[in-house]
Amino acid sequence: MNIVKPKTLFDKVWERHIVSEEADSPTILYIDLHLIHEVTSPQAFSGLRQREMKVRRPDKTLGVMDHSTPTISLLESDIIDNMSKIQMDQMAINCKEFGIKLYEFGSPDNGIVHVVAPEKGVSQPGMTIVCGDSHTSTHGAFGALAFGIGTSEVEHVLGSQCLLQYKPKSYEVRVDGKLKKGVTAKDIILTVIAKIGTGGGTGHVFEFTGSAIRSLSMEERMTICNMSIEGGARAGMVAPDETTFEYLKGKEFSPKGEEWETAVENWKSLTTDEGAIYDAQLILNAEDIEPMVTYGTNPGMGIQITESIPYLISIADPDSKVSTEKALDYMGISPGKKIMGHPIDVVFLGSCTNSRISDLRQAAEILKDRKVADSVRMLVVPGSQLIKKQAEAEGLDIIFKAAGAEWREAGCSMCLAMNGDQLSPGQYAVSTSNRNFEGRQGKGGRTFLASPLTAAASAIAGKVADARGYL
Amino acid sequence: MNNFNTITSKVIPLPRNNIDTDQIIPARYLKATDKVSVAEGLFADWRFYPDGSPNQEFIINQKIYQNAEILLAGDNFGCGSSREHAPWAITGNGIKAVISTSFADIFKNNALKNNLLPITVDPEIHKSLLDLSEEAPEANISIDLETQKVFLPAGQEFDFQIDPFAKKCLLNGVDQLGYILSFEANIAEYEKTRKSVIIQ
Ligand code: SF4
């Protein structure tokens, strides 16, 4: 009898992209979509030029400018420094020379790479998607295998449309049940990372399953897959379903007409087979998840908003103890203290994790007819210019501005503080982004990661606040 | 590409866990369009005071480690961003190997493509290396990639694992893009079967 081994979603996507497999060598994996941005690609293009090579498939490559673009205006004169200007100009030159489509700074389609590709319908189920950016994991929300690569690999993909990869292991993260009111996708992923740590998923690809995941919108699934990398996993995936197809239907680059029907048929096969075995598993109950806030200097140092900062004595491993002590010292907070009520200076609503229209709507709902505390500066940075336009059509910008928040152009902005939007040393921020590393949002800046709901509530309160009191 | 030889050096102890790529090189140093000028950004927020003067307390700035080539770091080294600027900054400062109990995936990949050897050791060996660096900071250890061995001063030695392909690339200076392109026939064949989004 010929028994076919049950496969995971990840197995299926991986196997469909194998170009060649040699003993003792990594697989040569075909890449369907290559996204590029201005910061991690220039050296790769220089490499191609040195080799006198072309880009193999410019038609499978898409460029944006997001990391160092100003968000205060769309004026070139607001570019923070000459080096950023050179980097952006170089991006335009590279895309032009090699025939790559680019949504450049100022274009109505520009925005954060991981926001733009999905909203344009470029990211589709079953694809392999890479970008010189670790949050490429975002696109896994469509049932794609999407992961970040280094600049050498960007050069490999530009030159060959392939990558050398060993197959990672699979890791099921199952969330069953129903989320409570005021608990969001961001809280799910912060809970996962707090449980397994920032290295917990190393060597693995997450697949998010379970009824709680199924009931999430595409935008929420993107938030979860986005932060897979913060749990150490290369990628995160959600099997495509009606929610996915509904989202993609009619998007600019989605298949049309008969091709759409064929594509959907094909995409429907992208599920994990009954009986397939994952290499690792974590099971959570959605009812147990509470709004989360990080207190330390990595995304794994998160607690429920009602909890207190852990005591060092509860940490057994000496290295971890030292690292946690350093983190608390940097954050200027003490064990045993409640996180709620901690004063803040800045609220950043933005980044590829939480800058989509639904995130803005959630925050606006809380901010409507309320005011950002006098002591707080709030930045609202939409993920793309299209989202900005949509938000303005809905009047969300008016709500934010009336509340006293700054309404910005799209970009990475204060997520990584390359473009001049940054914290000053010592400042505290509640941020909807994905990394609270030392200095990430500006040298000496201190970040509490949280959901858009928590961010909005905290902006009003002037301190870390539970949004459930405002809903 | 330089071929990889045996390294003999003092060990710079930096036993913090989860040293992320924003610590290895903060974002403001990512504006270069070349690989060389990123070197000054290595551990910039730890290495320099806000006024730009060097923090002499920081381990890498200490005199005895001026020419050291081996860094001993804590768990999960290189987590965070995919920036290859991290290994460029490390090797740009003369460091050729990093020893840790674990590495983040993308960092490890990036390191191996830049003649930086990531060596994963178990916690006991990590501890003994840390003890050594405290008790005898002047002591040299040697790393031999060919035999996959690390030699300590008192005659102890231990083996380390490395993926055979990466080892071959390091030892022989294999050009990985050239290697992929040697499969041109397979790639072309595969492309015929593959229909997907076309961006124009
Ligand atoms: S928003 Fe932040 S995490 Fe996302 S791509 Fe930009 S810098 Fe990276």
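The values are calculated or read from the model by the stated rules, or taken from the named source; none is laboratory data. Worth saying up front: this structure is predicted, and the values here are computed from it rather than measured. When we count neighbours, we look across all protein chains shown, and the Cβ atoms used for this are built from the backbone with ideal geometry, even at glycine. Protein only, heavy atoms only, side chains kept; ligands, DNA and RNA dropped before computing areas. Shrake-Rupley method; radii C 1.70, N 1.55, O 1.52, S 1.80 Å.
Structural remarks
- Selection status of A:Thr198, open to solvent by 20 Å² or more (accessible area, probe 1.4 Å), under 19 Å from the mean Cα position of the chain (by Cα) and under 20 Å from B:Asp20 (Cα atoms): no
- Just one of the listed residues (A:Met237, A:Met222) is within 16 Å of the ligand (Cβ to nearest atom) and either under 14 Å from the mean Cα position of the chain (by Cα) or not small (Gly, Ala, Ser) (or both), namely A:Met222.
- Candidate set from segment A:428-459 (those that are within 14 Å of another protein chain (Cβ to nearest Cβ) and open to solvent by 10 Å² or more (accessible area, probe 1.4 Å)); member that is farthest from the ligand (Cβ to nearest atom): A:Gly444
- In the set A:Ser137, A:Ser123, only one residue is in contact with a strand residue (DSSP E or B) (Cβ under 8 Å, 6 or more places away or on another chain), buried (at least 24 other Cβ atoms within 10 Å of the Cβ), part of a loop (DSSP other than H, G, I, E, B) and within 12 Å of another protein chain (Cβ to nearest Cβ); that residue is A:Ser123.
- If you go through segment B:3-35 and pick out every residue that is more than 21 Å from B:Tyr65 (Cα to Cα), open to solvent by 50 Å² or more (accessible area, probe 1.4 Å) and not polar (S, T, N, Q), you end up with 4.
- Cβ-Cβ under 6 Å pairs, at least 6 apart or on other chains, segment A:420-449 side closer than 26 Å to A:Leu75 by Cα and of a type in the set (Lys, Arg), far side open to solvent by less than 10 Å² (accessible area, probe 1.4 Å) and within 12 Å of the ligand (Cβ to nearest atom): A:Arg440/B:Asp22
- If the condition is being over 28 Å from the mean Cα position of the chain (by Cα) and hydroxyl-bearing (Ser, Thr, Tyr), then segment A:16-45 contributes A:Ser20, A:Ser25.
- Identity of the residue in segment B:148-200, at positive phi and open to solvent by 30 Å² or more (accessible area, probe 1.4 Å), that ends up nearest to the other protein chains (Cβ to nearest Cβ): B:Gln148
- Pair list, Cβ under 6 Å, 6 or more apart: segment A:255-279 residue in contact (Cβ under 8 Å) with a residue 12 or more places away in the chain, other residue basic (Lys, Arg) and open to solvent by less than 80 Å² (accessible area, probe 1.4 Å): A:Asp273/A:Lys7; A:Ala276/A:Lys7
- In summary, A:Thr306 fulfils each of the numbered conditions (1) among the β-branched types (Val, Ile, Thr); (2) in contact with a helix residue (DSSP H, G or I) (Cβ under 8 Å, 6 or more places away or on another chain); (3) farther than 27 Å from A:Lys7 by Cβ with the single exception of condition (2).
- Residue, farthest from B:Pro50 (Cα to Cα), within segment A:406-425, restricted to residues that are open to solvent by 30 Å² or more (accessible area, probe 1.4 Å) and not acidic (Asp, Glu): A:Trp407
- Count of segment B:8-45 residues which are assigned to a loop (DSSP other than H, G, I, E, B) and either aliphatic (A, V, I, L, M) or at the interface with another protein chain (Cβ under 7 Å from one of its Cβ atoms) (or both): 14
- Considering the conditions (1) over 25 Å from A:Leu9 (Cα atoms); (2) touching a residue at least 60 places away in the same chain (Cβ under 8 Å); (3) open to solvent by less than 60 Å² (accessible area, probe 1.4 Å), A:Glu287 is excluded by exactly one of them, (3).
- Checking each residue of segment A:293-305 against the condition of being outside any loop (DSSP other than H, G, I, E, B), within 14 Å of chain B (Cβ to nearest Cβ) and either within 16 Å of the ligand (Cβ to nearest atom) or open to solvent by 50 Å² or more (accessible area, probe 1.4 Å) (or both) gives at least one match.
- For segment A:359-366, the condition holds for at least one residue, the condition being that it is open to solvent by 10 Å² or more (accessible area, probe 1.4 Å), within 16 Å of the ligand (Cβ to nearest atom) and not assigned by TED's automatic domain parsing to the domain that holds A:Glu230.
- Considering the conditions (1) more than 16 Å from the ligand (Cβ to nearest atom); (2) open to solvent by less than 40 Å² (accessible area, probe 1.4 Å); (3) within 16 Å of A:Asp187 (Cα to Cα); (4) of a type in the set (A, V, I, L, M, F, W, C), A:Cys352 is excluded by exactly one of them, (1).
- Taken across segment B:74-88, residues that are part of a strand (DSSP E or B), in contact with an Asp or Glu (Cβ under 6 Å, 6 or more places away or on another chain), touching a residue at least 60 places away in the same chain (Cβ under 8 Å) and within 14 Å of another protein chain (Cβ to nearest Cβ) do occur, with at least one present.
- Selection from segment B:38-56 of residues that are among the hydroxyl-bearing types (Ser, Thr, Tyr) and open to solvent by 50 Å² or more (accessible area, probe 1.4 Å): B:Tyr49
- Test: A:Val13 is in contact with a strand residue (DSSP E or B) (Cβ under 7 Å, 6 or more places away or on another chain) and modelled with pLDDT of 95 or more: yes
- Once segment B:107-127 is narrowed to residues that are assigned to a strand (DSSP E or B) and within 14 Å of chain A (Cβ to nearest Cβ), the residue that is nearest to B:Thr21 (Cα to Cα) is B:Pro118.
- Residue list for segment A:201-225, restricted to those being within 13 Å of chain B (Cβ to nearest Cβ), open to solvent by 20 Å² or more (accessible area, probe 1.4 Å) and either within 16 Å of A:Thr353 (Cα to Cα) or in contact (Cβ under 8 Å) with a residue 40 or more places away in the chain (or both): A:His204
- Qualifying residue in segment A:328-342 (condition: open to solvent by less than 20 Å² (accessible area, probe 1.4 Å), assigned to a helix (DSSP H, G or I) and in the same structural domain as A:Pro452 (by TED's automatic domain parsing)): yes
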